[in-house]
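**Q** Have a look at this one.
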Amino acid sequence: MSFTKKKHSPQLRLRQLHNRRNFLESLIKRIHGILFVAGNEGVTREQLANALEVPLTDVTNALQQLSLDLQHDAQSPIELVNFNQQYRLITKQELEFDVEKFAQSPLTQQLSRAAIETLAIIAYRQPITRMGIDEIRGVQSSGMLQRLLLRDLIKEVGRVEAPGRPVLYGTTDYFMDYFGLTTLEDLPEIEPLALHGQPVNESLFSTKQWEIEYFDEEESD
């Protein structure tokens with residue numbers, strides 16, 4: 001008995017290629033969105049595959065294509081990097097001067113009430129993960145953490161030995177200098193439940209150099 005190998009029509013092959021291309025483009029967009037939200041912590045290929053419920057090989061292909069797209073897009077200010085299997089988006093090197101100049105602009109014109117709230121949580125609960133901060137604030141904090149990192153008010157102080165190895169955040173020496181603190185014990189005393197889902201009272205920052213000008217509208221994250 002002989003078997004005839006089934007042949008696919010050119011139209012079918014073109015349709016399959018088109019569907020595959022659409023799938024890859026959609027996957028790249030979804031991964032790009034997750035990387036943006038993940039911020040400085042980044043994500044692993046495995047985390048992306050689990051979150052998006054797609055094969056690891058597809059995630060790998062999408063990451064490679066996204067990296068090339070950003071690299072060759074002269075209008076894009078960001079690029080994709082891989083640090084210790086953690087993929088994240090960073091500003092392109094040629095923009096470092098502009099970023100540093102922005103970071104050195106007066107804080108009193110930039111810190112919003114939401115930034116102060118996030119900074120207070122880190123100051124009193126350090127070391128703390130982004131998820132811990134999100135739980136207390138009740139909103140997503142990745143963008144805010146990026147801004148505070150940019151201003152050298154907070155820093156990465158370690159990672160939790162757990163799946164995904166989430167980043168632990170703490171305050172910097174610059175934070176201490178700016179707010180006139182010698183040690184963290186100099187922080188104003190607060191009620192035990194003040195950082196458990198309750199709004200952070202701005203009076204925490206009303207002594208010494210804690211006085212901050214707020215925007216009329218709270219900075220959204």
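The values are calculated or read from the model by the stated rules, or taken from the named source; none is laboratory data. Keep in mind that what you see is a predicted model, and the values were worked out from it rather than measured. Here the Cβ is made from the backbone with ideal geometry for all residues, glycine too, and neighbour counts use every protein chain on show.
**Q** Is there any pair linking a residue in the stretch 55-67 that is free of Cβ contacts under 8 Å to residues at least 60 places away in the same chain to one that is of a type in the set (Phe, Trp, Tyr), with Cβ under 8 Å and at least six apart or on different chains, and which?
**A** 58/23; 63/87
**Q** When both residues are 6+ apart or on different chains and their Cβ atoms are under 7 Å apart, which pairs have a first residue that lies in the stretch 33-44 and is within 16 Å of residue 70 (Cα to Cα), and a second that is among the aromatic types (Phe, Trp, Tyr) and modelled with pLDDT of 85 or more?
**A** 35/87
**Q** Which condition breaks for residue 80 when tested against (1) of a type in the set (A, V, I, L, M); (2) modelled with pLDDT under 85; (3) assigned by TED's automatic domain parsing to the domain that holds residue 33?
**A** Unmet for residue 80, out of (1) of a type in the set (A, V, I, L, M); (2) modelled with pLDDT under 85; (3) assigned by TED's automatic domain parsing to the domain that holds residue 33: (2).
**Q** Looking only at the stretch 140-158, which residues are in contact with a helix residue (DSSP H, G or I) (Cβ under 9 Å, 6 or more places away or on another chain) and of a type outside the set (A, V, I, L, M, F, W, C)?
**A** Here is the first cut: in the stretch 140-158, the ones in contact with a helix residue (DSSP H, G or I) (Cβ under 9 Å, 6 or more places away or on another chain) are 140-156.
140, 141, 142, 143, 146, 147, 151, 152, 155, 156 - these are the residues of the stretch 140-158 that are in contact with a helix residue (DSSP H, G or I) (Cβ under 9 Å, 6 or more places away or on another chain) and of a type outside the set (A, V, I, L, M, F, W, C).
A quick yes/no check of all residues on (1) under 15 Å from the mean Cα position of the chain (by Cα); (2) part of a helix (DSSP H, G or I); (3) in the same structural domain as residue 83 (by TED's automatic domain parsing):
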{"position": "111", "(1), (2), (3)": "no, no, no"}
{"position": "117", "(1), (2), (3)": "no, yes, no"}
{"position": "121", "(1), (2), (3)": "no, yes, no"}
{"position": "124", "(1), (2), (3)": "no, yes, no"}
{"position": "135", "(1), (2), (3)": "no, yes, no"}
{"position": "144", "(1), (2), (3)": "yes, yes, no"}
{"position": "148", "(1), (2), (3)": "yes, yes, no"}
{"position": "161", "(1), (2), (3)": "no, no, no"}
{"position": "165", "(1), (2), (3)": "yes, no, no"}
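**Q** For the stretch 55-97, which residues satisfy the criterion of being exposed (fewer than 15 other Cβ atoms within 10 Å of the Cβ), in a helix (DSSP H, G or I) and touching a strand residue (DSSP E or B) at 6+ places or on another chain (Cβ under 8 Å)?
**A** Once the filter is applied, which keeps residues that are exposed (fewer than 15 other Cβ atoms within 10 Å of the Cβ), in a helix (DSSP H, G or I) and touching a strand residue (DSSP E or B) at 6+ places or on another chain (Cβ under 8 Å), the stretch 55-97 yields only 71.
**Q** So, in the stretch 31-54, how many residues would count as being under 16 Å from the mean Cα position of the chain (by Cα) and either at pLDDT below 90 or of a type in the set (Val, Ile, Thr) (or both)?
**A** Going through the stretch 31-54 one residue at a time, the tally reaches 11.
**Q** Regarding residue 41, is this residue surrounded by 13 or more Cβ atoms within 10 Å (Cβ to Cβ), not hydrophobic (A, V, I, L, M, F, W, C) and not assigned by TED's automatic domain parsing to the domain that holds residue 144?
**A** Working: surrounded by 13 or more Cβ atoms within 10 Å (Cβ to Cβ): yes; not hydrophobic (A, V, I, L, M, F, W, C): yes; not assigned by TED's automatic domain parsing to the domain that holds residue 144: yes.
Here the answer is yes, as residue 41 does meet what is asked.
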